[in-house]
Amino acid sequence: MHRDAVLVLDGDQARPGDGSGTGYTVRAADCPRESRPRLSKFHAPEIVFGPDSLGETAHAAVRLGARRPFVVTDPGVTEAGWPAELLRHLRAAGLRPQLWNEITPNPKDHEIQAGFERYESSGCDVVIGVGGGSVIDAAKGVALLAANGGTILDYEGIDRISNPIPPLVMVPSTSGTGADVSQFCIITDTERLTKITIMGRALVPDVSVIDPRLLVTMPDWLNAATGLDALTHGIEAFVSLAHGPLTDTHALHAVALVHTNLPTTMIRRTDDGPRTAMAQAALEAGLAFTNAILGATHAMSHQVGGMLDLPHGLINGVLLPHVIRFNGADDPTRFVPIAQAMGLPARPGMPGDEAVDMVATEVRKLADEVGVPTGLAAIGVRDSDVPRLARLTLGDACLTTNPRTATVEQIEDLFREAL
């Protein structure tokens, strides 16, 4: 990013307290100069954003050629009533939807296989996911198998998908995973008790329909977990080795929106302004990380989540302050704009290590405020688990773009610090 460019993110127009802005200004001049411009790609689906946009899902499915869409969801979202509303819209558009809601949190390899078999036997076409990250990842997994065969574990890694998959329309019901705009699919390998990462351009949905109304029915624990997931996406994308000017803009704005609005949504869940702001935060964080990728927090979190089947964002909230300090010890400069985005008293030219400490401390403060445990031991991780978790972390695709290279011993140290 060039120092003579100016980036202003919703600063002077922000109105404190209404959720419409973030109340800060970040200029590109404050960001460290890159040694030379880099070629980059920016993947994004068509995005429909705003209250009462759920009905647009039917129009998107028709445009994509749907006749018998396969609607993926889970029991919790079904109970909230959103799939029923979606089915009414789909039927009104002349479609014959098939509903499948047998997904659990952290979708399992055998669940993806079962969903694919139901898709195939029903003669379906377009795949629609309505739910959180687990549902959306499951929908992607079903579509992947529909066109490529095999088992979902065959596709672990980067760009291993050969054939074009059925069209995807995603409707997120949480405010944090970013799966509705990402090129990631995260699935639990039930034999190895770990999460695998499948990554590729084919997994970017065709359309994302983001209706903030759906966020109101999240339980508090899920609101906290997904909000911290969005914060982690923003921070890790901004410091990632693959970051760029486009991802930087979205990453910083997402950080600001989460920091400003997540606590409010925990107290006043039906307030439109903060809910819409959190929906936007999840979107922008998703756009940032699907293009800049992530880092050690996610690489480590995937292993804990796979072992204990716990909420991904909650684990991120525990690990993130430790990873911030680890990465900041090597190169702290990019944490100054992050501190500014969080409204902390950071100033251009300040020592980077001060900004690192500010950001790590503020992340932990926010995690405390929304009820996240202070250590991994509180959620079931034992010291004896650490060597295995560290070895698995080294094989996670997210670690490749972490700004600081980590050895297995350093990853073990990070896990133990987080206990």
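The values are calculated or read from the model by the stated rules, or taken from the named source; none is laboratory data. Only a predicted model underlies this, so the values are computations on that prediction, with no experimental measurement involved. Don't worry about glycine lacking a Cβ; one is built from the backbone with ideal geometry, like all the others, and counts go over all protein chains shown. For accessibility, only protein heavy atoms count, side chains too; no ligands or nucleic acids. Shrake-Rupley method; radii C 1.70, N 1.55, O 1.52, S 1.80 Å.
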Qualifying positions in segment 199-213 - among the hydrophobic types (A, V, I, L, M, F, W, C), modelled with pLDDT of 95 or more and touching a strand residue (DSSP E or B) at 6+ places or on another chain (Cβ under 7 Å):
L203, V207, V209, I210
For segment 138-146, check the following and say yes or no: at least one residue is in a strand (DSSP E or B) and either at pLDDT below 95 or at negative phi (or both).
no
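Looking only at residues that are part of a loop (DSSP other than H, G, I, E, B) and under 17 Å from S134 (Cβ atoms) in segment 148-181, which one is most open to solvent (accessible area, probe 1.4 Å)?
Residues of segment 148-181 part of a loop (DSSP other than H, G, I, E, B): 149-151, 156, 159-167, 173-178.
Okay, now just the ones that are also under 17 Å from S134 (Cβ atoms), so 173-178.
Values: S173: 10, T174: 14, S175: 0, G176: 0, T177: 30, G178: 2 Å².
In this case the residue turns out to be T177.
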Checking R68 against (1) touching a residue at least 60 places away in the same chain (Cβ under 8 Å); (2) touching a strand residue (DSSP E or B) at 6+ places or on another chain (Cβ under 8 Å); (3) in a loop (DSSP other than H, G, I, E, B), only one condition comes out false. Which one?
(1)
Considering residues that are out of contact with any Gly (no Cβ under 8 Å at 6 or more places or on another chain) and not β-branched (V, I, T), the number found within segment 282-308 is 12
Is at least one residue of segment 188-208 within 16 Å of the chain's Cα centre (by Cα) and over 16 Å from Y155 (Cα atoms)?
yes
Which is in contact with a strand residue (DSSP E or B) (Cβ under 9 Å, 6 or more places away or on another chain), on the phi < 0 side of the Ramachandran plot and among the small types (G, A, S), of G123, G132?
G132
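Here's the yes/no breakdown for (1) assigned to a loop (DSSP other than H, G, I, E, B); (2) surrounded by fewer than 14 Cβ atoms within 10 Å (Cβ to Cβ); (3) at pLDDT 95 or above; (4) among the acidic types (D, E):
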{"residue": "P345", "(1), (2), (3), (4)": "yes, yes, no, no"}
{"residue": "V359", "(1), (2), (3), (4)": "no, no, yes, no"}
{"residue": "V381", "(1), (2), (3), (4)": "yes, no, yes, no"}
{"residue": "P403", "(1), (2), (3), (4)": "yes, no, yes, no"}
Select from segment 116-131 the residues that are out of contact with any Leu (no Cβ under 7 Å at 6 or more places or on another chain) and either outside any helix (DSSP H, G or I) or buried (at least 21 other Cβ atoms within 10 Å of the Cβ) (or both) and list them in ascending order.
Y119, G123, C124, D125, I128, G129, G131
So L366 fits all but one of (1) touching a His at 6+ places or on another chain (Cβ under 8 Å); (2) open to solvent by 70 Å² or more (accessible area, probe 1.4 Å); what number is the exception?
(2)
Those residues that are closer than 23 Å to G81 by Cβ and open to solvent by 10 Å² or more (accessible area, probe 1.4 Å), I need them from segment 134-147; list them, please.
S134, D137
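Is one or more of the residues making up segment 323-336 among the hydrophobic types (A, V, I, L, M, F, W, C), touching a Ser or Thr at 6+ places or on another chain (Cβ under 6 Å) and either in a loop (DSSP other than H, G, I, E, B) or open to solvent by less than 10 Å² (accessible area, probe 1.4 Å) (or both)?
As a first pass, look at segment 323-336 and keep what is among the hydrophobic types (A, V, I, L, M, F, W, C): 323-324, 326, 329, 335-336.
Then keep just the ones that are touching a Ser or Thr at 6+ places or on another chain (Cβ under 6 Å); that gives 323.
Within this subset, residues satisfying the condition of being either in a loop (DSSP other than H, G, I, E, B) or open to solvent by less than 10 Å² (accessible area, probe 1.4 Å) (or both) are 323.
Yes: segment 323-336 contains one or more residues that are among the hydrophobic types (A, V, I, L, M, F, W, C), touching a Ser or Thr at 6+ places or on another chain (Cβ under 6 Å) and either in a loop (DSSP other than H, G, I, E, B) or open to solvent by less than 10 Å² (accessible area, probe 1.4 Å) (or both).
Evaluate the following for D353: is it in a helix (DSSP H, G or I) and at pLDDT below 95? Before the answer, list the steps.
Working: in a helix (DSSP H, G or I): yes; at pLDDT below 95: yes.
Here the answer is yes, as D353 does meet what is asked.
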